[in-house]
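Engineer: Have a look at the structure that comes next, please.
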Amino acid sequence: MHQRSSVCELAEQLRGDLDRYSPGGKLPSSRELVERFHVSPVTVSRALAQLAAEGLVVTRPGAGAFRARPRTVAEPAGDTSWQEVALSAEGAADLVPRTVDASGVTICLAAPPPGVLEFNGGYPHPSLQPERAMAAALARAGRRPGAWGRPPLEGLPELREWFARDIGGAVTAAEVLIAAGGQSALATALRALAPPGAQVLVESPTYPGMLALARSAGLRPVPVPVDRDGVRPDLLADAFRATGARVFVCQPLFQNPTGAVLAPDRRAEVLRIARAAGAFVIEDDYVRRLVHADAAPLPRTLVADDPDGVVVHVGSLTKATSPSFRVAALAARGPVLERLRAIQVVDSFFVPRPLQEAALELVGSPAWPRHLRALSAELKTRRDTMTAALAHHLPGLALPHVPSGGYHLWLRLPDGTEESALTAAALRAGVALTPGRPYFSAEPPAAHLRLSFAAVAGTGEITEGVRRLRTACDEAFQGGATSARLGGRPG
């Protein structure tokens, strides 16, 4: 059993046993719990820590764990209605009011209820994460001389050098800044390149987290359609002319959510169009390391083919490691680099040095290439399992593109489908989905779903999840014309 599952199961067992003890009563010792439940001391320690965080247990070093006493009745809440006026008045003079809406992001971050299969996850399952290698890297990093001191504001020179080599082209370590994850790097780039009230061009559909970042900065996202070969250059040129925008945010490799790869003949065209408009391209290279085993050789990064400083590159280690391993890089050349650096320093000072040291230890270890090879093979297997299950159970769902990288599929639903009804029915059937609406900055052309095949435990859960999705479709459409168009064999 995976240790994380063991911790949750033990915590649940202890939670159910608490009524046997009076408030303040002592729970069995850690040694007794180890022997009774046949788990490791680490599992016991983590389970008790989880209950302590919930306020159910109090742990006292050297004495043991005790059932927490009931909390005293809280004082009546004060009157916070004044905040409604203060917060609404804050942006009254803004050309574009800032809106902080995390709903599109939390869909991918929220853990589903117990027993619900996670087709909405935005990160690989713990079984796909290099937990042992990360733990070893963190342990070695903590012993490095100066590991707990203040790092250079731009990041450790060795880590910047590694990212520069990984990005490729003529990018140098001096043109790289270390950031606290891709989301933070995108926020820095948007603030550096576009003033509040400006329009920013985005792919359509695109990553909801980026749309939320833009709107929270008072920017106005303008959609540019994407097809199976990436963004359409003709429409990109039209959008620049119509808006006068100076920023285009692009995911040229395994675009989220479509999985598209920007075609070779479009790469140079996108850079030429942006350069002619006097605009920047933010390259969100978020998932390069999640390439599938059968993929063709990957294209170079856009910034590697950009001598003129058009591209601001964002690359991250997070997707290939763990949601908590938030180490990323910003790469740019020219005067914009100093603006990026200044904003990052003001916002967060620097990325914690132990995490940077751990990143260096991880990517320099023999375990790193082994992990990437295993991850590549497993993602291909999971993708093939999901596409086969969809073809069997729901052949009427349109799958315009089978990606060769990333961790999800993008499905078009039959005309007339209500995404909200289907996602609600799916949750009742035991599978969590990501609706397509949050991926569009304007009205969507049709209903869609994004299905993740990386966040579940394995191929068995993928097959079962698609079967549950078929059940949800039958419920949502009640056997009508839409359900009939989906076809497939039930069960």
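The values are calculated or read from the model by the stated rules, or taken from the named source; none is laboratory data. Remember, predicted model here, so these are calculated numbers, not experimental data. Cβ placement follows ideal geometry from the backbone for every residue including glycine, while neighbour counts extend to all protein chains displayed.
Engineer: For region 368-377, check the following and say yes or no: at least one residue is closer than 19 Å to ARG150 by Cβ, of a type outside the set (A, V, I, L, M, F, W, C) and crowded, with 17+ Cβ neighbours inside 10 Å.
Structural biologist: Within region 368-377, the first condition is being closer than 19 Å to ARG150 by Cβ, and the residues that meet it are none.
Scanning region 368-377 turns up no residue that is closer than 19 Å to ARG150 by Cβ, of a type outside the set (A, V, I, L, M, F, W, C) and crowded, with 17+ Cβ neighbours inside 10 Å.
Engineer: Inspect region 289-299 for any residue being surrounded by fewer than 24 Cβ atoms within 10 Å (Cβ to Cβ) and assigned to a helix (DSSP H, G or I) and give the result as yes or no. Spell out how you get there, then give the answer.
Structural biologist: Filtering region 289-299 for residues surrounded by fewer than 24 Cβ atoms within 10 Å (Cβ to Cβ) gives 289-299.
This time we only want the ones that are assigned to a helix (DSSP H, G or I), so: 289-290.
Within region 289-299 (the criterion being surrounded by fewer than 24 Cβ atoms within 10 Å (Cβ to Cβ) and assigned to a helix (DSSP H, G or I)), the answer is yes, since at least one residue qualifies.
Engineer: Let me ask another. Restricting to region 337-365, name every residue that is surrounded by fewer than 16 Cβ atoms within 10 Å (Cβ to Cβ), over 19 Å from ALA174 (Cα atoms) and touching a helix residue (DSSP H, G or I) at 6+ places or on another chain (Cβ under 9 Å).
Structural biologist: ASP347, SER348, GLY364
Engineer: Let me ask something else about it. Among the numbered conditions (1) of a type in the set (A, V, I, L, M, F, W, C); (2) over 26 Å from PRO297 (Cβ atoms); (3) touching a strand residue (DSSP E or B) at 6+ places or on another chain (Cβ under 6 Å), tell me where LEU213 comes up short.
Structural biologist: Exception for LEU213: condition (3).
Engineer: Here is a follow-up. Restricting the first residue to region 1-19 and requiring it to be surrounded by 14 or more Cβ atoms within 10 Å (Cβ to Cβ), which pairs with a second residue that is modelled with pLDDT of 75 or more and of a type in the set (Lys, Arg) meet a Cβ separation below 7 Å and a spacing of at least six or different chains?
Structural biologist: Note: pairs meeting the criteria are VAL7/ARG46; LEU18/ARG67.
Engineer: I want to confirm something. Restricting to region 100-130 and keeping residues that are in contact with a Ser or Thr (Cβ under 7 Å, 6 or more places away or on another chain) and at pLDDT below 80, which single residue is nearest to GLU419 (Cα to Cα)?
Structural biologist: ILE107
Engineer: Collect the residues in region 390-416 that are exposed (fewer than 15 other Cβ atoms within 10 Å of the Cβ) and either in a loop (DSSP other than H, G, I, E, B) or among the basic types (Lys, Arg) (or both), keeping them in residue-number order.
Structural biologist: PRO395, PRO400, VAL402, ASP415, GLY416, listed by residue number.
Engineer: Quick check: anything in region 157-168 aromatic (Phe, Trp, Tyr) and modelled with pLDDT of 95 or more? Quick ask: steps written out before the conclusion?
Structural biologist: Just the residues of region 157-168 that are aromatic (Phe, Trp, Tyr), to begin with: 162-163.
With the extra rule that they be modelled with pLDDT of 95 or more, the set shrinks to 162-163.
Taking every residue of region 157-168 in turn, at least one turns out to be aromatic (Phe, Trp, Tyr) and modelled with pLDDT of 95 or more.
Each row is one residue, and each column tells you yes or no for (1) at pLDDT 85 or above; (2) farther than 13 Å from VAL7 by Cβ; (3) exposed (fewer than 11 other Cβ atoms within 10 Å of the Cβ).
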residue	(1), (2), (3)
ARG31	yes, yes, yes
ARG36	yes, yes, no
THR43	yes, no, no
ALA47	yes, no, no
GLN50	yes, no, no
VAL58	yes, yes, no
PRO61	no, yes, yes
ARG71	no, yes, yes
ALA74	no, yes, yes
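Engineer: Another question, if that's okay. Before we move on, is PRO257 without any contact (Cβ under 8 Å) to a residue 24 or more places away in the chain and either more than 23 Å from the chain's Cα centre (by Cα) or surrounded by 24 or more Cβ atoms within 10 Å (Cβ to Cβ) (or both)?
Structural biologist: Working: without any contact (Cβ under 8 Å) to a residue 24 or more places away in the chain: no; either more than 23 Å from the chain's Cα centre (by Cα) or surrounded by 24 or more Cβ atoms within 10 Å (Cβ to Cβ) (or both): yes.
No.
Engineer: Still on this structure, please answer the following. For region 343-366, give me the residue count where each residue is farther than 16 Å from PHE325 by Cα and in a helix (DSSP H, G or I).
Structural biologist: So the answer is 6.
Engineer: Right, here's the next one. Taking LEU236, is it without any contact (Cβ under 8 Å) to a residue 60 or more places away in the chain and crowded, with 22+ Cβ neighbours inside 10 Å? Talk me through it step by step, then tell me what you get.
Structural biologist: Values: without any contact (Cβ under 8 Å) to a residue 60 or more places away in the chain: yes; crowded, with 22+ Cβ neighbours inside 10 Å: yes.
When the stated conditions are applied, LEU236 passes them.
Engineer: Which one of the conditions (1) in contact with a Phe, Trp or Tyr (Cβ under 7 Å, 6 or more places away or on another chain); (2) at pLDDT 95 or above does PRO354 fail to meet, given that it meets all the rest?
Structural biologist: Among (1) in contact with a Phe, Trp or Tyr (Cβ under 7 Å, 6 or more places away or on another chain); (2) at pLDDT 95 or above, PRO354 violates only (2).
Engineer: Still on this structure: Out of curiosity, is GLU154 part of a helix (DSSP H, G or I), of a type outside the set (Lys, Arg) and either at pLDDT 95 or above or in contact with a strand residue (DSSP E or B) (Cβ under 9 Å, 6 or more places away or on another chain) (or both)?
Structural biologist: Working: part of a helix (DSSP H, G or I): no; of a type outside the set (Lys, Arg): yes; either at pLDDT 95 or above or in contact with a strand residue (DSSP E or B) (Cβ under 9 Å, 6 or more places away or on another chain) (or both): yes.
Against the criterion (part of a helix (DSSP H, G or I), of a type outside the set (Lys, Arg) and either at pLDDT 95 or above or in contact with a strand residue (DSSP E or B) (Cβ under 9 Å, 6 or more places away or on another chain) (or both)), GLU154 does not qualify.
Engineer: Related question: Here is a list of conditions, (1) more than 18 Å from TYR439 (Cα to Cα); (2) modelled with pLDDT of 95 or more; (3) among the hydrophobic types (A, V, I, L, M, F, W, C), and VAL200 meets all of them except one; can you say which number that is?
Structural biologist: (1)
Engineer: Pick from LEU427, LEU451: which is modelled with pLDDT of 90 or more and either in a loop (DSSP other than H, G, I, E, B) or buried (at least 18 other Cβ atoms within 10 Å of the Cβ) (or both)? Break it down into steps so the answer makes sense when it comes.
Structural biologist: Working: LEU427 fails: either in a loop (DSSP other than H, G, I, E, B) or buried (at least 18 other Cβ atoms within 10 Å of the Cβ) (or both).
Exactly one of LEU427, LEU451 is modelled with pLDDT of 90 or more and either in a loop (DSSP other than H, G, I, E, B) or buried (at least 18 other Cβ atoms within 10 Å of the Cβ) (or both), namely LEU451.
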